[in-house]
Amino acid sequence: MKPLQSLIVLLLAVAVGVIGAQWLGANDLRQYGEVIFRHGGTDYRSTLPQVVLLTLVVLLVLWLLWSLIASPFRAWGRYRRKQGRVRLVDGLQAYEHGQWQRAEKLLDGAAQDEEVTAIALTNAARSARARGDDVTSQAYLQRLATTDATSQALLRAEQQLADDLPVDAINTLDAANLQPLPPRGLWLRSEALARAGRAHEAYGQLGALRQSKVLPADALTTLEARLAAQALLEAPDVNALAAQWETMPKTLRSDPAVVSAYAARAVALDWDEPALLALEQALDQRWSDELVELYGVLPASRLATRDANLVRWRRTHGDSSALLLAQGRVALAQGRHEEAEVLLHEAIAGGAGASAWEALGASLLARGEPQLAAQCLTNALREQRGEDSVALVRTDALASAPRATVEEQVMTPVPPVYDAREPRDENGFPRVP
């Protein structure tokens, strides 16, 4: 108790004692009863109010004596707690500044205060791990287990995820004494399940995550889409894939990443028709270059319908290079190489990149132009490395030309084909009038 509070209590006790003494002296107290205390053959008589008042006075004196005796110890305890708080604050600040060894030392000292032992040992373990001392970090975790088992399990699971040990993290969090898991435990368990190839279980845990509000709305939406896509890719058979797809909300069934995962898994399970239908419905609801490119690269089925859909979408998304690339691929699958090359040249001009160069190379190779096809593949590699592509050159024409003509001509590019109905020479290039 603080000195001022002790003084107030003492004054109140004196006032009560004075008032009580006056009352005792002004009244005949024998009517309230007498108390007889016998000791050593001698009887001590007193009235009941006097005995009560004397007892209160004795207790008050004993309390004051105890307070005086214990005050140095209380002061020392307060000093230690204050020093512990100072070490905790300084240790946390050193941890944030990256001073791992200093932070560990301060936090280890702060852990002597039982009120902050858990938070101090948690961050001491993080500091030891940050400086690469896993042995010391595990020692701190063992000490933490005796104080706060939940915090110890969360930190251990966090470290196991960082070490790419998702199964160990799941086992740590599934301990019976930790149930129900706190919000951060739910989030860590979801991450561990996803990394362990059990995304369908993590997806089923989203309701609890949403209710706990451990993640902001945007982050939770992103996590939901990622888990949904991964759960679809993990479907073992067609029935499981269909069931997983049907239980998903409509918003997810139009998400590009989720639809791509569904289509890819359906094709892998030889279920092409539902994959195409899902892509078509998603593209009708929300345009995505990623989905339309996938629509063009799927195995050869329903080519005429796919070509008609691509033509229809081009009326509203004519500036999409991915759509041009998809049209070119479908045309290639139908054997319309000249038209495909027109579309692929346009896609390259629109920035379709390495994929368009690869498709163009495949078309040229099918038409018996291996040199030009090789140049297309080289350009695809250049695009992947972030370098500029170069114009296609007919190398055999340069080799047979006179020296002076070669120096004047210097890498004459092959002109792109823009009209499939335009007259062509025997090599498939536009005929010069």
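Here, each number is a calculation from the coordinates, and none is a lab measurement. From a predicted model like this one, the values you see are computed outputs, not experimental measurements. Glycine also receives a Cβ, built like all others from the backbone with ideal geometry; neighbour counts cover every protein chain displayed.
A few points about this structure:
- The packing ranking, built from the mean of other Cβ atoms within 10 Å per residue, places the peptides 92-103, 316-327, 111-122 in the order 316-327, 111-122, 92-103, highest first.
- Scaled radius of gyration (Cα, divided by 2.2 N^0.38 Å) that the range 62-212 gives: 1.32
- Those aspartates and glutamates that a straight Cα-Cα span of less than 14 Å connects to K82, excepting residues fewer than 8 apart in one chain: D90, D113, E114, E115
- When you count the other C-beta atoms within 10 angstrom of each residue and take the mean per peptide, 238-246, 256-264 line up highest first as 256-264, 238-246.
- For the range 144-303, convex hull volume per residue from C-alpha positions, Å³: 124
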